[in-house]
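See below for the structure under consideration.
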Amino acid sequence: MDPYVIVGAGLAGAKAAETLRAEGFDGPVVLIGDEREVPYERPPLSKGYLLGKDPREGSAVHPAEWYDEQGIDLRLGTPVAAIRPAQHEVELAGGERVRYAKLLLTTGSVVRPLDVPGGDRVRTLRKLPDADDLKDALGRGGRVVIVGAGWIGLEVSAAAREYGADVTLIEALPQPLSRVLGDEIGAVFADLHRAHGVDVRLNSGVKEVTDKDVTLPDGTTVPADMVLAGVGIRPDTRLAEEAGLAVDNGILVDASLRSSAADIYAAGDVANVDSPAFGRIRVEHWANALNGGPAAARAMLGQKVVYDRVPYFFSDQYDLGLEYSGWAPPGTYDRVVIRGDLPGREFVAFWLSEGRVRAGMNVNVWDVTDPIQDLVRRGTPVDPDRLGDPEVPLDQV
């Protein structure tokens, strides 16, 4: 019997392998990853592990021995050279070919480089060894420049300040997270980091990086003992493209996570899903890998799968914790409603389109994720005044 093969040994791939066994599949399973680390979760890399609060092994999805116990052929440090759909084969970098009955691609994303002179000097944070190196560097304090005020940039800024480093945060947009949250809510995060001593430079960028400083477009130089770029990621679609699969901002899959090629599926960061609830959507967060891998595994087993979960992510920065549910990119909403204390950073924000809740984010307000997701999923118009009134329970809006 040809095995079920999973290419990409991260959270989505590991959870897919787990689900195959949990659903009773007793055939061979091969899980292939180009990293040498046992499959791990990425949130600790910019949160608990980076801060020295969580152990390194705590990020592992399963202990190393679990894969042997489950009869899963885990191949680490094994890059895949090509996928051959017509032959139902995966070709490994060394030339070995592995046949598959079903194939799941969970190849994730790769970091976007900082494309300026000296950009090869900067650090990035995507893999566990990156976090090892960054943790050691932050432990030495000094002057840290972070380029990009997205989630990674903000979380690393917070960690660097907790280590006592002097931090300059450079962002090209008018506010942190403008493309995700809009300027009004993004300003909350600029104020948060300034309150903790971060030098936040907005509407700026980087012209050059040297071994001692960063030059901005206006010619200003910022001293730097270390520079980290968090300027985004892109789906790792190389194998899919070369194999002739349909690709457009990720591997195009249907609601059951099936690709354009027979017996090939995709999940996690790399999958652009035709969701009945949200249309075409590609989500780059932990919960999507956690839930998408198992959904793809069930589809591979022939079960009826409709993957339309409400997107979800979380972040921790200093004393601020948040959860975001939904999908409201720029241009998809016409109003933001605030429930609670925005200046005090204890609130829930809602992004609405024609009165319908597209997304909600709770900041230092807890146990409201379920009703927020219900509002998003229901998609019916709500009264904005009641939505913004903390005295009205969310499940009664």
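The values are calculated or read from the model by the stated rules, or taken from the named source; none is laboratory data. Nothing here was measured: the structure is a model prediction, and the numbers come from that model. Every residue, glycine as well, gets a Cβ built from its backbone with ideal geometry; the counts of neighbours run over all protein chains shown. These area figures cover heavy atoms from the full protein model, side chains too; ligands, DNA and RNA do not enter into them. Shrake-Rupley method; radii C 1.70, N 1.55, O 1.52, S 1.80 Å.
Assorted remarks:
- The one condition in (1) touching a residue at least 24 places away in the same chain (Cβ under 8 Å); (2) surrounded by fewer than 21 Cβ atoms within 10 Å (Cβ to Cβ); (3) among the small types (G, A, S) that S46 fails to fulfil: (2)
- For region 327-346, a residue qualifies if it is surrounded by 15 or more Cβ atoms within 10 Å (Cβ to Cβ) and at positive phi, and the qualifying residues are G340, R345.
- Candidate set from region 49-58 (those that are in contact (Cβ under 8 Å) with a residue 60 or more places away in the chain and not small (G, A, S)); member that is least open to solvent (accessible area, probe 1.4 Å): L50
- Residue within region 78-94 that is over 26 Å from G13 (Cα atoms), crowded, with 20+ Cβ neighbours inside 10 Å and in contact with a Leu (Cβ under 7 Å, 6 or more places away or on another chain) present: no
- Applying the condition of being among the hydroxyl-bearing types (S, T, Y) and either farther than 25 Å from A287 by Cβ or part of a loop (DSSP other than H, G, I, E, B) (or both) to region 36-92 and asking which residue is farthest from the chain's Cα centre (by Cα) yields T78.
- Filtered residue count, region 114-163, keeping only those that are open to solvent by less than 20 Å² (accessible area, probe 1.4 Å), more than 26 Å from E35 (Cα to Cα) and assigned to a strand (DSSP E or B): 2
- Every condition in (1) more than 24 Å from D2 (Cα to Cα); (2) free of Cβ contacts under 8 Å to residues at least 60 places away in the same chain; (3) in contact with a helix residue (DSSP H, G or I) (Cβ under 8 Å, 6 or more places away or on another chain); (4) not β-branched (V, I, T) holds for D269 except the one numbered (2).
- Wholly within region 280-397, helices (runs of 4 or more DSSP H) carrying at least 1 residues that are free of Cβ contacts under 8 Å to residues at least 12 places away in the same chain and under 29 Å from L192 (Cα atoms): 369-378, 384-387
Conditions tested, residue by residue: (1) out of contact with any helix residue (DSSP H, G or I) (no Cβ under 9 Å at 6 or more places or on another chain); (2) closer than 21 Å to F25 by Cα.
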| position | (1), (2) |
| --- | --- |
| S59 | no, no |
| H62 | no, yes |
| R112 | yes, no |
| G119 | yes, no |
| L134 | no, no |
| G141 | no, no |
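- Considering (1) buried (at least 21 other Cβ atoms within 10 Å of the Cβ); (2) touching a helix residue (DSSP H, G or I) at 6+ places or on another chain (Cβ under 8 Å); (3) within 13 Å of V7 (Cα to Cα), the lone condition that R99 does not fulfil carries the number (1).
- Members of region 266-279 that are modelled with pLDDT under 95, open to solvent by less than 50 Å² (accessible area, probe 1.4 Å) and in a loop (DSSP other than H, G, I, E, B): F278
- Residue in region 208-216 that is buried (at least 22 other Cβ atoms within 10 Å of the Cβ) and either farther than 30 Å from R36 by Cα or touching a Gly at 6+ places or on another chain (Cβ under 8 Å) (or both) present: yes
- A Cβ distance below 9 Å, combined with a sequence gap of six or more or placement on separate chains, defines the contacts here; from region 190-202, residues that are closer than 18 Å to P223 by Cα and free of Cβ contacts under 8 Å to residues at least 40 places away in the same chain reach residues that are buried (at least 18 other Cβ atoms within 10 Å of the Cβ) and among the hydroxyl-bearing types (S, T, Y) in the pairs D199/T168; R201/T168.
- Of all the residues in region 347-363, those that are surrounded by 13 or more Cβ atoms within 10 Å (Cβ to Cβ) and more than 16 Å from L394 (Cα to Cα) number 1.
- Residue count for region 165-182, restricted to those that are modelled with pLDDT of 95 or more and open to solvent by 50 Å² or more (accessible area, probe 1.4 Å): 3.
- For region 17-34, filtered to residues that are assigned to a helix (DSSP H, G or I) and of a type in the set (G, A, S), the residue that is surrounded by the fewest Cβ atoms within 10 Å (Cβ to Cβ) is A22.
- Qualifying residue in region 289-301 (condition: out of contact with any Ser or Thr (no Cβ under 8 Å at 6 or more places or on another chain) and under 30 Å from L342 (Cα atoms)): no
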